[in-house]
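Since the structure comes first, as structure tokens, the remarks are kept for the end.
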Amino acid sequence: MRHAKLVLMVLTLCVLGDPTRAPHAESVARRGVDEASLDAGVDPCVDFYQYACGPWMKSHPIPPDRGTWGRGSELEERNLAVLREILEKAAAPDPGRTGVERMIGDFYASCMDEPGIEARGLDPLKPELQRIAAIKSKKALVAEIARLHSQGVNLGLGREYTGTSLLFRFGSEQDAKDATSVIAVVDQGGLGLPDRDYYFKDDAKSGETRDGYRDHLMRVFELLGDSKQGAALAAKRVFGIETALARVSLEKVKRRDPLNVYHKMTRNDLKALAPALEWKDYFLAVGAPQTPDLNVAVPDFFKGLDTLLDTASLDDWKDYLRWNLARSSAPVLGRGLAGASFDFYGKTLGGAREISPRWKRCASLTDVLLGEALGQLYVERTFGAQGKERTLKLVAALEKALRRDIETLPWMTEVTKKQALAKLEAIRNKIGYPDAWRDYRSIRIARDDLAGNVTRARAFEVARRLGKIGRPVDRGEWLMTPPTVNAYYDPQMNNINFPAGILQPPYYDNGADDAANFGGIGSVIGHELTHGFDDQGRKFDPRGNLSDWWTDADAAEFEKRAACLADEYSAFVAVGDVKHNGRLTLGENTADNGGLRIAYMALEDALAGASPPAADRFTPEQRFFIANAQAWCSNYTDEAARLRAQTNEHSLAKYRVNGVVSNMPEFQKAFSCPAASPMVRQDACRVW
Ligand SMILES: [Zn+2]
């Protein structure tokens, strides 16, 4: 549980290497700029996103199993198709098959066994439900919480909003103030709605969502066999516990400051803070190594939880446990619970209309639980030998541009610049896939037992994470699987990570010109690098320690510039009366703005004053901006836009384009925009 994982978040999957092997790759996307998707009726200086994406948005309606559909999603679907081929081949009965292929094949087969899953119904939950029913003391309650945690109920299972968190989260993390060591961490959790604010906001829509949630809780309890009356009471109890937990939870925006979620203390301190939870028993039962201290991310939460443990009755807690067990298992159970879960999390909150075809859910689930096994076969098939080398070259070009950007920054003093440059020099690059693959051989996988496979795979992952406590940090570890269409910067590792999945069109194309590739993957690399210097990243030093290397004057200058971005994005409307929260999205917006600027600088370096023969009617600079915008083209349902604005640190695609270009004089110049154009901000913001 790393508290500051700064991702690009394009919500997707994919393939680099030999482009002829990428299935269904559209030739038009390969060139980086899709002329057919330009809206000739729109002035790029008035609404650049509409200009670059209008026709695409019109001709690409959101498929029924999604709440959002964008260029990245197309890639994800292409990737899923690759995974499907790998998995179907691996799952075909063949007693001679061994190793990784056998493992992922058997897992996928168990997931595709719909008749078997339906026939077993709720049987997989029964032993655990009986244990919960038998709880007769607070001590037994804590033992059951520890048991469910060790079985991984808190681990999510895929794209739909399924991440349960039973009461709180326990895991391991790199010590924010000692980047060489891994410590234990307990953090807030326990909510079934996406964020604490959902429990308190008094607008009509929020009330409607709460009503929908209460109905969902009742439906789940009825599916578990409760009478209508019993289900209503249980739903009320669960909602009461969650509301109390939400009240003592720290707000999302406050959690963005790493100091607000770092409170290292001894186990005895925690015991004194929250004595009602038998921590000694808990740690033993969950399988945590005996280390003296840990990070209690949000002490007030545990104080509140302590009170609640005393005031809520055992019957309240038993219902709360039953709900979390059902919720966390729902996606892998029969149609009743899986459908109910989709109806609320996928449909009501996420805006999808239909549940995904089973094969898609099963391919994703294999990726979530056995990602570095499936990833081996994926990489073999898709990631060309030159992929890593070409990407590293691009990264070097972006790092060079960022170096020059820092050196010439008008607002920073030399002494802080020196520190910033040292941090930049220390950034490590991880490209494609891990050097050493995770070994899952200790997980027993049975072809006819999906629920059991999932429990065992989750338990393996919990044990793996807890096993890191007290050991040196593994700097080779990846937080994303190879087919993921995404990337991240890790401030505590000070590294950028690019899974093989994102290194292909529309982000990267070996056949496209520099302008298109710098506008695509170049801006993504720039984005991740800039995260090292956003409102969170800047608080970590080159080694990944939380330490202040800024002079007061430079920090004040930074804050002033960041506030400009926060104000700009806070004015952007997501849907209806819901606006973006510029403070929640500050890090991502800083990275979007800095990333595109340094990608532009890298392009100018590559062109070195030369004007290459025109590939079309555009200048290289215009192609750069168009390719960037077109990588973002997206459609959102109202529900998805609302969920995103209220919980996600990334802005909607439109603002990831228009919010950025309107801050760039380079854009104004490239499209000869008059000074009064909407895409030319009078009070343009610039941090990096
Ligand atoms: Zn990001």
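What the table below lists for this structure:
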| item | result |
| --- | --- |
| Distance in nm between pseudo-label sites at D293 and R441 (7 Å out along the Cβ direction from Cα) | 3.9 |
| Separation of the K89 and Q130 label points, Cα + 7 Å toward Cβ, nm | 4.4 |
| The chain: antiparallel DSSP beta bridges as a percent of all, rounded to 5 | 75 |
| ³J(HN,Hα) computed for each position of region 347-359 - Karplus, 6.51 cos²θ - 1.76 cosθ + 1.60, integer Hz, glycine/proline x | 8, 4, 8, x, x, 6, 9, 10, 5, 4, x, 4, 4 |
| Folded to 0 to 90 degrees: helix 552-570 orientation relative to the chain principal axis, Cα | 80 |
| Carbon/sulfur fraction of accessible area - region 150-280, other protein chains in place, 1.4 Å, % | 50 |
| Signed unit charges on C-beta, dipole axis of the chain, positive-most listed residue T291, N589, G659 | T291 |
| Relative packing of 343-351, 137-145, 590-598, which averages over residues the other C-beta atoms within 10 Å, highest first | 590-598, 343-351, 137-145 |
| Charge dipole magnitude, Cβ of K and R +1, D and E -1 - the chain, Cα centre, debye nearest 20 | 1460 |
| Normalised convex hull volume, region 579-688, alpha-carbon set, Å³ per residue | 118 |
| Value of [θ]222 nm, deg cm²/dmol, for the chain, DSSP H segments ≥ 4, -39500 (n - 2.57) each, nearest 500 | -15500 deg cm²/dmol |
| Hydrodynamic radius by Kirkwood, which averages 1/r over all alpha carbon pairs of region 130-191, in angstrom | 13.5 |
| Percentage relative contact order, region 555-688, counting C-alpha pairs under 8 Å, at least six apart | 32 |
| Translational diffusion coefficient (Stokes-Einstein; Kirkwood radius from C-alpha pairs) of the chain at 25 °C, 0.890 mPa s, in µm²/s | 94 |
| Net charge of neighbours whose Cβ lies under 13 Å from the Cβ of S442, counting Lys and Arg as +1 and Asp and Glu as -1 | +3 |
| C-alpha center-to-center spacing [region 595-611, region 480-556] in angstrom | 18 |
| Net dipole in debye of region 455-595 [+1 Lys, Arg Cβ; -1 Asp, Glu Cβ; about Cα centre; nearest 20] | 940 |
| Distance from region 253-330 to region 65-118 (C-alpha centre basis), Å | 36 |
| Region 540-603 - percent of accessible surface contributed by carbon and sulfur, probe 1.4 Å | 52 |
| Accessible surface of region 52-136, 1.4 Å probe, proportion on carbon and sulfur as whole % | 58 |
| Crossing angle, helix 299-311 versus the chain [Cα axis fit, 0-90 degrees, rounded to tens] | 30 |
| Probe 1.4 Å, accessible area per residue of the chain, Å² | 38 |
| Three principal axis lengths of region 68-208 [C-alpha, angstrom, descending] | 50, 46, 45 |
| Sorted peptide list for 602-610, 237-245, criterion being average Cβ within 10 angstrom, highest first | 237-245, 602-610 |
| The chain: angle of helix 586-607 to the longest principal axis, Cα-based, in degrees nearest 10 | 40 |
| Length-normalised contact order for the chain - Cα pairs under 8 Å, 6+ apart - percent | 24 |
| For region 170-225 versus region 387-435, the gap between their alpha-carbon centres in whole angstrom | 36 |
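The values are calculated or read from the model by the stated rules, or taken from the named source; none is laboratory data. Quick caveat: nothing in here was measured; it's all calculated off a predicted structure. Every residue, glycine as well, gets a Cβ built from its backbone with ideal geometry; the counts of neighbours run over all protein chains shown. What goes into the accessible areas is simple: the full protein's heavy atoms, side chains included, and nothing from ligands, DNA or RNA. Shrake-Rupley method; radii C 1.70, N 1.55, O 1.52, S 1.80 Å.
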